[in-house]
Amino acid sequence: MKGSAIAFGALFVGAIIAAATWLWTPAARRFDPEAARAAAAAYDARIVRDAFGVPHIFGDTNGDVAFGLAYAHAEDDWATFEEALRFSRGELARTAGKDGAITDYLVAAMGVADAIESRYETDLSPETREIVEGYAAGANYFCASKRGACGNDIAPVTAADIVAGFVARQPFFYGFDDELKAIMAPDNPADEAQADDLARFAAAIDRRFHLIGGAEFGSNAMAISPKRSADGATRLMVNSHQPFTGPVAWYEAHVKSAEGWDAIGGVFPGSPFILHGTTPNLGWAFTVNKPDLVDAYALEVDDDKRPTQYRFDGAWRDFETGEATFRVRLFGPFSLPVKRRILRTVHGPVFDSPTGWVAVAFAGDRNIKGPEHYARMNLATTFEEWRAAFDLFGIPSLNAVYADRQGHIGYFYNAAIPIRDPSLDWTKPAPGGAPQAVWQGVRGFDEVPQVVDPASGFVGNSNNGPFEASAPTDAPREIDYPPHYGVDRRTTNRGGRLLDLYLSDEAITEAEFVDYKMDHQYREGSRIDVFLRELAAAASGAGDLAAEAALIDGWNRSADKENRAAALSILTAQAALGYTYAGTDVTIEDPIEALRTVSARLRDGFDRIDPEWGEVNRLIRGDVSLPLDGGPDTLRAVYSLGDPANGPMTASYGDTYVMSVGWDADGAQSIRTIHQFGSATLDENSPHYADQAPLFASKEWKSPPMTLDAALAEATRDYRVGGEARP
């Protein structure tokens, strides 16, 4: 008996050890710091940080500069850099657990790694590969130099990792995830399990991009030519609306090489190129558009549980198959190894939905040319060179607004519009077995809505459709773009307000150009205006809401920080219409109850229903707390999170990094920029953690130095990285 007990105990201990060994998370890769230092010897970058800590990176070659950019950005925001790398690799579940597994599977299903492996040498030019590889080497040099800063399993960073960031991330800007959410919607609204699955899926996506509380990607971009400016200047406003923190939060950098690369603007962690900004000769700004670039296909399969074939063109066809492997963190050093099948059809990847097996076709599928597209824009010196980059469709969506030293301006509804059979109804899932439903390539860039050098002298976009991109006589015509093109026809308060301001001013001064961007007015007839007029009338009949009804009825629709009616009005509209007011006309909460709830919360948090908007709407960073003008869907875009019952709400999304660039009549360039926080994204002890916040809150600007001498004149730090192999 004793021997049996010992044997059983030994067996039990052995099982525990085996289980622990199986669940122990192995390192994803091995990192050799000495090899990283040796690779860094091939690069030499000089980093000069200006008065605000913004890095200006100088080098002989473009590769040198990319190396220095990665190192500088890693110094300021490595934790987010690492998060972005994990997402792009499909390895988030190793640290984020089951929520990360959702995006890990998506990255695998999208075929990101396989596409890069097969196309890296053919689809990216040697010049672009030099930049990407230099950037990866800079990240590795940082990890070799700062051993305690990097996760044990994150380095070495490869060029493929950097390219993967573009391939995996870009479809989410045009709404790839929205189609997936629709596919995953319960076939029975009463099915709580399916509803929970959908909620987890949606939350996992939103968390990856820090789109919390209903936020979505947005932006403003506008340009005026000498035809519209009061002084003969050409001007561009770069104003993307992003989360204040996270993998798609802006970081400012300036790069300048002896080979001619000279650009300043915003980058995301993991980006070796200026994503939007300006060079000495030209500049561009992106805003998010929502073209219909995703189609779902209902499949007939041979086995509902574990299919191996699907019906196509009257015959059974084998799925293309693969396998997603990842580890899902449990606790401590333990994780669960997971394997999932990947299926693909002639249309695209396949997903098991509540209504059956569905294939998805999406723009940018296995297109790895994003880095090439950005490289060509960064290195362009003329409009023609910059414009030619878009023929690649390496960026499958995003509106682009352009301006240059020569006085040219333009708006482009950049979209890799698929060539669809117009006889099919593309508003619902297409028949997966019909050959005519297969996309037949992509329409040329000349076919997308665009405006170049309009007679009115201005272009702009604020996430509205392309048919309001300029004056009515210059803008693209809606009739020219049939429904199967999938061009979105949205309107926004910002877009309408911008048109109002520009059409009423035929000679826009530099000060007015900035003031119009900082405008915080809701226009008459906007969704929030109509909603509040109807609500005021309805609430006036509710005896307990008379004061609230009078307050919102008298609101002048301004989101200035001194306004005492803005808080109740804006927060009630958000509660009833959604975070951005940008959805359908269906309310998500009864308006009267929304008003009653918001009123009570304001009383709890501020002892009144009419606190100044700046008391509620705050820029909070460490010990800094400042009042802000602006609100959801105003040109001065500010989206705050929090419960007003607990006091001030925190601005978390909207205006972040903003750039105003101009060329005077003689071609001399001026640049002003501002960031909501500062260059030290994570270091609370840095003087640059929040040094730009007061300027941002008061709508003031800084002028970045654009030459080495100018940067040195105000430098807070000057140092070199790499370069051991050079004299």
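Things to note:
- In region 291-311, the qualifying residues are those that are part of a loop (DSSP other than H, G, I, E, B) and in contact with an Asp or Glu (Cβ under 7 Å, 6 or more places away or on another chain), and the one that is nearest to A416 (Cα to Cα) is P291.
- Within the set R329, R340, the sole residue that is basic (K, R), in contact (Cβ under 8 Å) with a residue 24 or more places away in the chain, surrounded by fewer than 16 Cβ atoms within 10 Å (Cβ to Cβ) and over 30 Å from A668 (Cα atoms) turns out to be R340.
- Filtering E589, E562 for residues that are surrounded by fewer than 22 Cβ atoms within 10 Å (Cβ to Cβ), assigned by TED's automatic domain parsing to the domain that holds D633, over 27 Å from E700 (Cβ atoms) and not hydroxyl-bearing (S, T, Y) leaves a single hit, E589.
- If you go through region 638-658 and keep only what is touching a strand residue (DSSP E or B) at 6+ places or on another chain (Cβ under 8 Å) and of a type in the set (G, A, S), you end up with S640, G642, A651, S652, G654.
- Residue among E562, E593, E615 that is in contact with a strand residue (DSSP E or B) (Cβ under 9 Å, 6 or more places away or on another chain), acidic (D, E) and part of a helix (DSSP H, G or I): E615
- Pick from region 134-154, criterion aliphatic (A, V, I, L, M) and farther than 12 Å from A39 by Cβ, ranking: surrounded by the most Cβ atoms within 10 Å (Cβ to Cβ): I154
Yes/no matrix, rows are residues, columns are (1) surrounded by fewer than 22 Cβ atoms within 10 Å (Cβ to Cβ); (2) more than 23 Å from the chain's Cα centre (by Cα):
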position	(1), (2)
S225	no, yes
H254	no, no
G260	yes, yes
G270	no, no
V301	yes, yes
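- When A645, A710 are screened for being small (G, A, S), surrounded by fewer than 20 Cβ atoms within 10 Å (Cβ to Cβ), in the same structural domain as T279 (by TED's automatic domain parsing) and not in a loop (DSSP other than H, G, I, E, B), only A710 passes.
Results for (1) of a type outside the set (A, V, I, L, M); (2) surrounded by 23 or more Cβ atoms within 10 Å (Cβ to Cβ); (3) not assigned by TED's automatic domain parsing to the domain that holds S257, shown as yes or no for each residue.
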| residue | (1), (2), (3) |
| --- | --- |
| A101 | no, yes, no |
| T128 | yes, yes, no |
| V132 | no, yes, no |
| P156 | yes, no, no |
| A195 | no, no, no |
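- Strands (runs of 3 or more DSSP E) within region 373-479 that include 2 or more residues buried (at least 22 other Cβ atoms within 10 Å of the Cβ) and in contact with a Lys or Arg (Cβ under 6 Å, 6 or more places away or on another chain): none
The values are calculated or read from the model by the stated rules, or taken from the named source; none is laboratory data. On a predicted model such as this, the values are computed, not experimentally measured, just so you know. No Cβ is skipped: glycine too gets one built from the backbone with ideal geometry, and neighbour counts run over all protein chains shown.
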